[in-house]
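The values are calculated or read from the model by the stated rules, or taken from the named source; none is laboratory data. Just so you know, these numbers come straight off a predicted model, no measurement behind them. Here the Cβ positions follow ideal geometry from the backbone for every residue, glycine too, while neighbour counts run over all protein chains shown. In case anyone asks, the SASA skips ligands and DNA or RNA and just uses the protein heavy atoms, side chains included. Shrake-Rupley method; radii C 1.70, N 1.55, O 1.52, S 1.80 Å.
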Amino acid sequence: MTASKTPSPVLVLFRDDFRLSDNPALHAACATGQPVLCTYVQDEACLPKGVIGWWLGQAAGALTEALGKLGGTLLTPQGETLAVVKDLVKAAGVSEVFWNRRYDPVGKEIDTALKATLTEQGVAVQSLSARLLHEPWAVRTGAGQPYRIFTAWWRAARELGEPGRPLPTPQAIQFAAVPEAFKKDVSAKALLKPALPEDATQAAQYWPCSEENAHTILEDFLDDTLAHYETDRDRPDREGTSGLSPYLRAGLISARQIWQAARKAEARSGDHVNTEKFLSELGWRDFGWMQLFYEPQMPTRNLRSEFDGMPWQNDAEAFTAWTEGRTGYPLVDAGMRELRATGTMHNRVRMVVASFLTKHLLTDWRKGERWFYERLVDADPALNAMNWQWCAGTGIDSSPWFRIFNPVGQSEKFDPSGAYIRTWVPELAGLPDKLIHTPWKMDATLSRHLRFVPGTTYPHPIVELKQARAIALESYKNLKGSEQS
Ligand SMILES: Cc1cc2nc3c(=O)[nH]c(=O)nc-3n(C[C@H](O)[C@H](O)[C@H](O)COP(=O)(O)OP(=O)(O)OC[C@H]3O[C@@H](n4cnc5c(N)ncnc54)[C@H](O)[C@@H]3O)c2cc1C
């Protein structure tokens, strides 16, 4: 009688998809019926710094715990992906490797090389679609080109029908034995858990990190907030949005899961308008990733080359005042302080601070993009770059340069009573509503009464809006002129 041979293990690589449910790579690996090795390679080339580095470490920790509850483990070796995976495949006798696709330039390059090497060595590879509603190349114009306008792209994307249904959590995972040489990579110490920047440690309290947390946040949003989404999503003084972006970024929840849950909520409530608005924001997420897929230099290069000669002033003091929330414009300062304290900022305020930095302070959008990338808990290479280029007017389908948000007007419109400003700029908390957006207008009597000294208690505006706007418009006019001459 011959002894039955133990089936060879299969390998699942986790990267920005730290979840068990709707995880096509994990699902397909389990479906082979072979033992599974779950691995997260901590590759320097893919480990961002700043708040997002901390967040991804937390998410990997949450996955380790979730796998532990199923009797398994997450291997977290450090090193270059290609070298580590080759060693692991050899040591464990892996017959097939599964991963969910990445679309950023570094991830794409690593995965292409890995696939080629493994295939050459006779190891099967399956890369699957998990991150987006539709693959970046799924929606093309009639001429086969990527779309450049969101509304046209979204219309075409909707014609593809509903996105695929999310996959269930595997009922049970048969875990493979960890090869001797990799046993050091399963201890709690093996997982790098980057710390938060020193001046942002309080952000941790805002972000409970697990797959369950992501689903609870989604359910709460659908029950309590979706019904007012279209109007309240622009109001930083209200709970008007889902708060799901960090969870999407780390893959603790998938866009397809959110889509399907929103559709179920819509079936219960009949609320088509708010649901469609919310789903279209998930569309913007796909649109951003489609842009990065076709324009890998989007985080560093103007997508409209006419801006390459823009005479950015890049005033270092003004930039520091912006990062520290000391510009003298209450909504801008509230946003920048919210960012530092929590790792996030309301979308409307992100637009206002980005417009202010690029247009009123004539600072290159790339400086703002980098600052956001280090500070945001949802820092996303595609969405951050697309939105900065949108705000600066340098992107495709972006807000034109001459659309310059007035930070006072935006503040009066979207934070009318100043509740948001009072939360993040405590030195303005005691001001009457009519001065909360323009504290520099306080008269001497009230100033004495409130013990509030404009310019001391809170800074004077660092630029005069009308003048800064005129300079911004003039710079662009000259740029256009020099382009034509
Ligand atoms: C200058 C600037 C930089 C930004 N940087 C990032 C970033 O690094 N990471 C990031 O996730 N978002 C970024 N955004 C987009 C947006 O601000 C956030 O996605 C949103 O604030 C997240 O909050 P929410 O999850 O409550 O959004 P909701 O309103 O609940 O929207 C649901 C989801 O839709 C997507 N979404 C919403 N708005 C946008 C948008 N404008 N563009 C693309 N997708 C969107 C997000 O995945 C979001 O989680 C940026 C916006 C600006 C103006």
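Scanning the stretch 443-471 for residues that are touching a strand residue (DSSP E or B) at 6+ places or on another chain (Cβ under 8 Å) and in a loop (DSSP other than H, G, I, E, B), we see that the one that is farthest from residue 355 (Cα to Cα) is 452. Being in the same structural domain as residue 19 (by TED's automatic domain parsing), in contact with a helix residue (DSSP H, G or I) (Cβ under 9 Å, 6 or more places away or on another chain), of a type in the set (A, V, I, L, M, F, W, C) and open to solvent by 40 Å² or more (accessible area, probe 1.4 Å) holds for only one residue in 38, 46, and it is 46. For the stretch 241-252, a residue qualifies if it is near the ligand (Cβ under 10 Å from one of its atoms) and either surrounded by 22 or more Cβ atoms within 10 Å (Cβ to Cβ) or among the basic types (Lys, Arg) (or both), and the qualifying residues are 242, 246, 247, 248, 249.
One residue alone among 143, 177 is aliphatic (A, V, I, L, M), open to solvent by 70 Å² or more (accessible area, probe 1.4 Å), assigned to a loop (DSSP other than H, G, I, E, B) and touching a residue at least 12 places away in the same chain (Cβ under 8 Å), and that residue is 177. Is it the case, given these coordinates, that residue 268 is away from the ligand (no atom under 12 Å from the Cβ), without any contact (Cβ under 8 Å) to a residue 40 or more places away in the chain, open to solvent by 60 Å² or more (accessible area, probe 1.4 Å) and assigned to a loop (DSSP other than H, G, I, E, B)? Answer is no for this residue.
Kindly indicate which of 289, 322 is surrounded by 15 or more Cβ atoms within 10 Å (Cβ to Cβ), assigned by TED's automatic domain parsing to the domain that holds residue 233 and in contact with a Leu (Cβ under 6 Å, 6 or more places away or on another chain). 289 is the lone residue from the list that is surrounded by 15 or more Cβ atoms within 10 Å (Cβ to Cβ), assigned by TED's automatic domain parsing to the domain that holds residue 233 and in contact with a Leu (Cβ under 6 Å, 6 or more places away or on another chain).
Listed by first and then second residue, the pairs linking a residue in the stretch 19-43 that is without any contact (Cβ under 8 Å) to a residue 12 or more places away in the chain and more than 21 Å from residue 163 (Cβ to Cβ) to a residue that is open to solvent by 10 Å² or more (accessible area, probe 1.4 Å) and assigned to a helix (DSSP H, G or I), with Cβ atoms under 6 Å apart and 6 or more places separating them unless they lie on different chains, form an empty list.
Residue-level analysis places residue 160 outside the set of residues that are under 24 Å from the mean Cα position of the chain (by Cα) and more than 30 Å from residue 324 (Cα to Cα).
Within the stretch 271-295, the residues that satisfy the criterion of being of a type in the set (A, V, I, L, M) and within 10 Å of the ligand (Cβ to nearest atom) are 279, 282.
Residue pairs, Cβ under 9 Å, 6 or more apart or interchain, first in the stretch 90-107 and hydroxyl-bearing (Ser, Thr, Tyr), second open to solvent by less than 30 Å² (accessible area, probe 1.4 Å) and part of a loop (DSSP other than H, G, I, E, B). List them. Listed by first residue and then by second, the contacts come to 95/9; 95/123; 103/132; 103/135; 103/136. It is to be established whether one or more residues within the stretch 122-139 are more than 21 Å from residue 258 (Cα to Cα), of a type outside the set (Gly, Ala, Ser) and outside any loop (DSSP other than H, G, I, E, B). Within the stretch 122-139, one or more residues are more than 21 Å from residue 258 (Cα to Cα), of a type outside the set (Gly, Ala, Ser) and outside any loop (DSSP other than H, G, I, E, B). Restricting the search to the stretch 472-481, which residues are touching a Leu at 6+ places or on another chain (Cβ under 7 Å) and either under 13 Å from residue 355 (Cβ atoms) or aliphatic (A, V, I, L, M) (or both)? Once the filter is applied, which keeps residues that are touching a Leu at 6+ places or on another chain (Cβ under 7 Å) and either under 13 Å from residue 355 (Cβ atoms) or aliphatic (A, V, I, L, M) (or both), the stretch 472-481 yields only 472. Restricting attention to the stretch 358-404 and to residues that are within 8 Å of the ligand (Cβ to nearest atom) and of a type in the set (S, T, N, Q), the residue that is most open to solvent (accessible area, probe 1.4 Å) turns out to be 387.
Of the residues that make up the stretch 337-344, is at least one polar (S, T, N, Q), assigned to a loop (DSSP other than H, G, I, E, B), in contact with a Ser or Thr (Cβ under 7 Å, 6 or more places away or on another chain) and open to solvent by 10 Å² or more (accessible area, probe 1.4 Å)?
Looking for residues that are polar (S, T, N, Q), assigned to a loop (DSSP other than H, G, I, E, B), in contact with a Ser or Thr (Cβ under 7 Å, 6 or more places away or on another chain) and open to solvent by 10 Å² or more (accessible area, probe 1.4 Å), one finds none in the stretch 337-344, hence no.
Would you check if there is a residue in the stretch 355-365 being assigned by TED's automatic domain parsing to the domain that holds residue 249 and outside any helix (DSSP H, G or I)?
First, pick out the residues of the stretch 355-365 that are assigned by TED's automatic domain parsing to the domain that holds residue 249: none.
Scanning the stretch 355-365 turns up no residue that is assigned by TED's automatic domain parsing to the domain that holds residue 249 and outside any helix (DSSP H, G or I).
In the condition set (1) buried (at least 21 other Cβ atoms within 10 Å of the Cβ); (2) touching a residue at least 40 places away in the same chain (Cβ under 8 Å), residue 263 is compliant with all but (1). Somewhere in the stretch 49-65, is a residue more than 25 Å from residue 381 (Cβ to Cβ) and without any contact (Cβ under 8 Å) to a residue 24 or more places away in the chain? No, the stretch 49-65 contains no residue that is more than 25 Å from residue 381 (Cβ to Cβ) and without any contact (Cβ under 8 Å) to a residue 24 or more places away in the chain. A count restricted to the stretch 453-475 and to residues that are hydroxyl-bearing (Ser, Thr, Tyr) and open to solvent by 40 Å² or more (accessible area, probe 1.4 Å) stands at 2. Filtered by the rule that a residue be open to solvent by 10 Å² or more (accessible area, probe 1.4 Å) and assigned to a loop (DSSP other than H, G, I, E, B), the stretch 49-80 gives 49, 70, 71, 72, 73, 79, 80.
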